[in-house]
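Peer 1: One structure is given below, represented as structure tokens, and several questions about it will come after.
The values are calculated or read from the model by the stated rules, or taken from the named source; none is laboratory data. Only a predicted model underlies this, so the values are computations on that prediction, with no experimental measurement involved. Don't worry about glycine lacking a Cβ; one is built from the backbone with ideal geometry, like all the others, and counts go over all protein chains shown. When the accessible area is computed, the model is the full protein with side chains, heavy atoms only, and any ligands, DNA or RNA have been set aside. Shrake-Rupley method; radii C 1.70, N 1.55, O 1.52, S 1.80 Å.
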Amino acid sequence: QAKSSGKNTYRFFDPVAEEALCSLARMDADLRFALSNQQLELHYQPQYRCQTLIGAEALLRWKHPDRGMVSPAEFIPLAEDTGLILPIGEWVIRQACKQLQQWQERPETAELFIAVNVSARQFCQDNFVESVRQLLNTYGVSAEKLKLELTESLVLMDVEDTIQKMQALRSYGIRFALDDFGTGYSSLSHLKRLPLDQIKIDRSFIRDVPEDQDDSEIVQAIIAMGQNLGLNVLAEGVETDEQLAFLTELDCLDIQGFLLGRPSSIDKFETTYIPANMSRLGMA
Ligand code: C2E
Ligand code: MG
Ligand code: MG
Ligand code: MG
């Protein structure tokens with residue numbers, strides 16, 4: 001420990017650690033600024049069931065003035081550490097509710113849902129359930145339109161508390177997906193107890209399907225398990241026609257991936273993926 005007073009003052013100075021700390025501190029300050037200065041944006045990636053658009057996953061983007069678009073993989077972990085994920089997470093759900101409010105009013109988008117990623121720290125907050133309820137209320141959004149994506153590690157932090165919160169939110173009509181399924185450690189007994197609607201097969205399993213025998217077996221097993229538990233199964237990261245054909249053959253009908261659509265700004269999403277707009281533009 002460094003002594004800061006007395007005659008012999010020592011400071012252990014590690015330039016590498018110091019610099020890392022500095023850049024983290026700067027990134028934290030920048031992110032704080034970003035949140036209150038409209039540099040954060042939600043992009044939307046389409047989700048399809050049997051070739052029909054059914055909803056979108058909201059994915060956070062940071063439009064950094066110097067660095068361009070910064071990936072959430074880069075700043076979400078930092079925001080988790082500093083606690084900034086709390087106001088950011090609230091902002092994300094609020095934005096999604098505002099979007100749903102607009103979509104609800106137009107016939108061609110009235111049925112679409114939005115899936116929002118929830119971080120562990122955000123979900124663990126005592127007032128999480130109440131804050132989501134209030135946001136739905138404020139924007140007059142029907143709860144069935146909001147889907148929350150949880151990860152296995154979040155769920156495992158405190159299974160009893162998670163189940164309780166999920167049940168409360170579900171009683172309003174909110175639906176739940178287990179994100180990145182297969183990459184965590186959730187046991188089947190937990191899976192059975194969680195009030196889930198959907199599991200999302202992680203894209204690392206989809207990537208080498210159907211060529212890779214092992215991955216193909218795993219994907220097949222996950223789909224069968226999900227179906228036996230009465231869960232909807234979505235495949236993430238579908239990039240090729242061969243992957244789509246493989247999944248369709250196994251009756252995995254919910255698909256998300258670059259093959260069918262990339263995450264896009266709201267304007268691009270609406271002109272590219274909403275059928276009524278597509279035909280208006282002569283694209284359908
Ligand atoms: P995720 O929830 O698993 O989101 C899917 C990620 O896979 C997205 O990356 C998406 O762009 C990417 N992806 C989708 N289809 C394909 C495909 O066909 N091929 C490939 N190679 N990638 C595909 P993105 O947008 O960079 O987000 C990364 C992660 O950051 C998300 O993973 C999620 O865990 C986290 N994240 C994003 N937005 C939020 C947010 O609002 N709140 C929280 N807590 N986390 C977020
Ligand atoms: Mg997700
Ligand atoms: Mg995922
Ligand atoms: Mg992920």
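Peer 1: Could you tell me the largest-minus-smallest coordinate of the C-alpha atoms of the chain on each of the three principal axes, in descending order and whole angstroms?
Peer 2: The principal-axis extents, from largest down, are 76, 43, 39 Å.
Peer 1: Also, I was wondering about something else. Once Lys and Arg get +1 and Asp and Glu get -1 on their Cβ, which of 155, 132, 119 lies farthest toward the positive end of the dipole of segment 118-161?
Peer 2: 132
Peer 1: Let me ask something else. Of the accessible area of the chain, with the probe set at 1.4 angstrom, what percent is carbon plus sulfur?
Peer 2: Working: 7440 of 14960 Å².
Here carbon and sulfur together make up 50 percent of the probe-accessible area.
Peer 1: At what distance in nm do the modelled label points of residue 197 and residue 212 sit from each other, each positioned 7 Å from its Cα along Cα→Cβ?
Peer 2: 3.0 nm
Peer 1: Taking just the C-alpha trace of segment 170-284, give me its Rg and Dmax in Å.
Peer 2: Here Rg and the maximum Cα pair distance are 16.0, 50 Å.
Peer 1: Okay, next question. Would you mind working out the accessible area per residue for segment 47-124, using a 1.4 Å probe, and quoting it in Å²?
Peer 2: Working: 3420 Å² over 78 residues.
Accessible surface, normalised per residue, equals 44 Å².
Peer 1: Please report the antiparallel percentage of DSSP beta bridges with both residues in the chain, rounded to the nearest 5.
Peer 2: Working: 16 of 38 bridges.
Just about 40 percent of them are antiparallel.
Peer 1: With axes computed from alpha carbons, what is the tilt in degrees of helix 15-36 against the longest principal axis of the chain, rounded to the nearest 10 within 0 to 90?
Peer 2: Once rounded, the angle reads 50 degrees.
Peer 1: Long-range amide H contacts for residue 176: which residues qualify at under 5 Å (H placed 1.01 Å from N, peptide plane, sequence gap of 5 or more or a different chain)?
Peer 2: Here 148, 197, 198 satisfy the definition.
Peer 1: Kirkwood-based Rg over Rh for segment 70-115 (C-alpha set), two decimals?
Peer 2: 1.16
Peer 1: Another question about this same structure. If you line up the long axis of helix 72-82 against the longest principal axis of the chain, both from Cα atoms, how many degrees apart are they, to the nearest 10?
Peer 2: The answer is roughly 50 degrees.
Peer 1: Return the percentage of antiparallel bridges among DSSP beta bridges fully within segment 82-194, rounded to the nearest 5 %.
Peer 2: Numbers: 0 of 9 bridges.
Just about 0 percent of them are antiparallel.
Peer 1: What residue among 179, 161, 254 shows peak mean-square fluctuation when the chain is described by a Gaussian network model with Cα springs under 10 Å?
Peer 2: 161
Peer 1: Among the lysines in the chain, how many pairs, 8 or more places apart or on different chains, have alpha carbons under 26 Å apart?
Peer 2: 20
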